[in-house]
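Have a look at the structure below before the remarks.
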Amino acid sequence: MQHIATLRAMPATPRASILPLALQAAIAARRTEQLHDLLLQHGPHLFAHAVEALTPRQQADILSLLAPQQRAEVYRHLAPAARRQWLQSATVARQPLTRRLLGTCQRNWHWLLSSLGLVRH
């Protein structure tokens, strides 16, 4: 809450420009309750607008820390470009893990077959 108190003490800065700073402070501290409070306080439209001002990594962090219903609510208010970017980053992040797991399974399967003497050379 110290970050929020500091932000509130700033001179007359528009609410929309303070919200991204508050979101950054909340994700840096991994404070999900602060994210929920900010969403309730500012509403999904302004919250989504503030999320768009952050880096793709910060956007992904914020959306992943929200409850599924809240995530969907914020997602509906994101601009189409921000939606595509978030979906693309979410799918790209999964792909290398899938390849690594597949490669590991194939190596383990081959090792198992060869140790059982079931592989013909």
Determine the pairs where a residue that is aromatic (Phe, Trp, Tyr), located within region 82-110, has a partner that is open to solvent by less than 90 Å² (accessible area, probe 1.4 Å) and modelled with pLDDT of 75 or more with Cβ atoms under 8 Å apart, the partner being 6 or more residues away or on another chain.
-> TRP86/PRO56; TRP86/GLN59; TRP86/ALA60; TRP86/LEU63; TRP86/TYR75; TRP86/LEU78
Only one of (1) of a type in the set (A, V, I, L, M); (2) modelled with pLDDT of 90 or more; (3) part of a loop (DSSP other than H, G, I, E, B) is not met by LEU21, so which one is it?
-> (3)
Subset of region 38-76 [of a type outside the set (S, T, N, Q), out of contact with any His (no Cβ under 9 Å at 6 or more places or on another chain) and not in a helix (DSSP H, G or I)] = ALA53, LEU54
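Can you work out which of the residues in region 31-49 that are open to solvent by less than 70 Å² (accessible area, probe 1.4 Å) and farther than 14 Å from GLU73 by Cα is farthest from the chain's Cα centre (by Cα)? Show your work before the answer.
At the first step, the residues of region 31-49 found to be open to solvent by less than 70 Å² (accessible area, probe 1.4 Å) are 32, 34-36, 38-39, 42-44, 46-48.
Restricting the remaining residues to those that are farther than 14 Å from GLU73 by Cα gives 32, 34.
Working: THR32: 12, GLN34: 15 Å.
Filtering region 31-49 for residues that are open to solvent by less than 70 Å² (accessible area, probe 1.4 Å) and farther than 14 Å from GLU73 by Cα, the one farthest from the chain's Cα centre (by Cα) comes out as GLN34.
Does region 27-37 include one or more residues that are assigned to a helix (DSSP H, G or I) and basic (Lys, Arg)? Working first, answer last.
Looking only at region 27-37, we keep the residues that are assigned to a helix (DSSP H, G or I), and these are 27-28, 32-37.
Imposing the further condition that a residue be basic (Lys, Arg) reduces the set to none.
Checked region 27-37: no residue is assigned to a helix (DSSP H, G or I) and basic (Lys, Arg).
The values are calculated or read from the model by the stated rules, or taken from the named source; none is laboratory data. Predicted, not measured: the structure shown is a model, and the values here were computed from it. Neighbour counts are summed over all protein chains in view; Cβ atoms, including those assigned to glycine, are modelled from backbone coordinates with ideal geometry. Just so you know, the surface numbers come from the protein's heavy atoms only, side chains and all, with ligands and any DNA or RNA stripped out. Shrake-Rupley method; radii C 1.70, N 1.55, O 1.52, S 1.80 Å.
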